[in-house]
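A short write-up of the structure that comes next.
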Amino acid sequence: MGINAISLTYDNLEPMYKEEIKGIALASLKDQLQTWKSIFHTLMNHEASIRNELKPERIPLVRLPAYVAEEYETKLKQFYIFVRQYLETDEQSKLWLSFFEEDMAAVKNLSMTHESFIFSTFRLSILMDRRSILDNTIVEPELKEIITSGNWNSIQFYHDTFAPRVFRFPDPPMSLVAPIFLQEGEIPIHNFLEAFLLEDFPYGLAAIPLDPTYVHGGTMAAPGLFYSHDLLHWPVFVRLVNRHPDRWVRLRRSLRELYIRNSSQDPVLDYFIFMILHEGALNDEYGQGKETRDLEQDIQFLIEQIYEEMKNRFDYHRSFLKNFFLAKLQNILSKPFKLYAVDEIDEQRLDVIDYERVTPNCYSARAALMAQNKKVMEINCTITVKPTEDIFFSLCSIKDISVSFIAPEMVEQKDDILQKLLGEVLIKNARYFFYIDVKDHLKVLRKLTDFPSAQDACPAFLPWVREQVKRLIYEYTS
């Protein structure tokens, strides 16, 4: 049943709340985007933002124009109407009423901020999809731990615990995220690109769709679960583009020009730009050091790098090994596990340099321990894989480990590091990465282009990318 068709005569909905949401309906995607642009322009140009007195997402409604408070109130009501149709138990209904009363009070007394709005909608998405999140085997254990805690229904918990551990707003001007309600379909790629590249301030789009089965092989097939997944994309993107000083300025200039040149709306070019921005298909070296390129050189580099980055992105065995070494690195650093979005692990990384799949359940791999972008240790090892009852997870361990390089400052730590690299760990396996990435993007490409739809389309993917890169270089570079 669509949102606009939802009856507001719930038996257990008190009259005051019926009146609050009477006549509220979802706005169109176009109207939602326009409203968020206006709100974000107000936040970023507020004197508190300009003077660095407050981050834009922390400016309370009391210091903003009246229309902004009205917009947040409407959007909250829309979200509550949306969530209401998914609730199944009296306990959920009681929490819904409690959350509604608390959030409406925060809007009416003008204490709400954009940050607390995001946390309120995130809390509601958990109320709606708590069972889906807990049952989904690919959801990070950290998120499951948080939503099974006794404090998940307290909005203060999201400020004190949830934000530092799961979702931390990036620094301005990257601190803006827009929740988008979708009655059908998805957010078109060009809307993502315009939000990133053409607006005064880049902002993330986090969708709350009625039918989210079109992405990641259906593994995020619940509205609230998808919302949490989409929301967490934004800080990952921000960390990607801020990896080197001025990287975002340079990347945005080049991709913006390339996007503007695409007046014919070539879907493949839009898709490639989307892959760079949303999925991180960007060469690690881009923007590093003091090398200079003019605009045309930058554009050509970004198109040319697509093939290798796609190759890495869809090398699901490499993705699995990187996931394995990430888990091992957590052990080496003796750090509590965090979601990748907020972990400071880029300071130290275990990178897969080379690998060979020796048997279906055994890999030979070479990995480098990096610190501050400098290689401090290189190891060769054999990784064994044991299947589990969950098809997306395997028990993996290292054996036959040896050191082929070690920096002088690491010699004393060598034995301790090797010892910590041993032992079994439960991680997402290669099947997971194929399912969540490759199949999904093949579906996208078939919607956009005449990409072959035969059953063996996967082997044709990279050759197709190579040909498209050649075509785009010819058509979009001078």
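Couple of notes before you dig in:
- Relative packing of peptides 114-126, 86-98 - highest average C-beta neighbours within 10 Å first: 114-126, 86-98
- Ordered from largest to smallest accessible area (heavy atoms of protein chains, 1.4 Å probe), the residues Val166, Val403 come out as Val403, Val166.
- Net charge of neighbours whose Cβ lies under 15 Å from the Cβ of Leu197, counting Lys and Arg as +1 and Asp and Glu as -1: +1
- Sum of side-chain charges, Gln300 neighbourhood, beta-carbon under 11 Å (Lys, Arg +1; Asp, Glu -1): -3
- Per residue, the accessible area of the stretch 40-169 comes to 41 Å² when a 1.4 Å probe rolls over the protein heavy atoms.
- At most 15 other Cβ within 10 Å, DSSP loop - GluC sites (Glu not before Pro), the stretch 356-418: Glu389
- Here the stretch 19-139 is assigned +1 on the Cβ of each Lys and Arg and -1 on the Cβ of each Asp and Glu. Its dipole about the Cα centre then comes out at about 300 debye.
- Furthest towards positive pole of dipole, Phe122, Ser132, Ala106, structure part the stretch 103-172, Cβ charges: Ala106
- Taking 0.36 nm per residue of sequence separation and removing the Cα-Cα distance, the Asp135/Glu475 pair yields an extension gain of 117.7 nm.
- Net lengthening on full extension, Glu467/Arg431 (0.36 nm per residue, minus Cα-Cα): 10.2 nm
- Computed from point charges on the beta carbon alone (+1 for Lys and Arg, -1 for Asp and Glu), the dipole magnitude for the stretch 69-131 about its Cα centre is near 120 Debye.
- On the basis of the beta-carbon distance and an R0 of 45 Å, Ser404 and Ser154 show a calculated FRET efficiency of 0.35.
- The Cβ shell under 12 Å around Gly224 holds other residues with a net charge of +1, Lys and Arg each +1, Asp and Glu each -1.
- Karplus-derived 3J(HN,Hα) values for the stretch 168-173, using 6.51 cos²θ - 1.76 cosθ + 1.60 with θ = phi - 60°, are 10, 4, x, 6, x, x Hz; glycine and proline are entered as x.
- Here's the picture: a label point sits 7 Å out from the Cα of Asn52 along the beta-carbon direction, and within the stretch 146-177 the residues with their amide nitrogen under 20 Å of it are 169-176.
- Packing, taken as the mean count of other beta carbons within 10 Å per residue, orders the peptides 363-369, 147-153, 415-421, 391-397 from highest to lowest as 363-369, 391-397, 415-421, 147-153.
The values are calculated or read from the model by the stated rules, or taken from the named source; none is laboratory data. All values reported here derive from a predicted model rather than from experimental measurement. In this analysis, Cβ positions are derived from the backbone assuming ideal geometry, glycine residues included, and neighbour counts consider all displayed protein chains. With ligands, DNA and RNA removed, areas are computed over all heavy atoms of the protein, side chains included. Shrake-Rupley method; radii C 1.70, N 1.55, O 1.52, S 1.80 Å.
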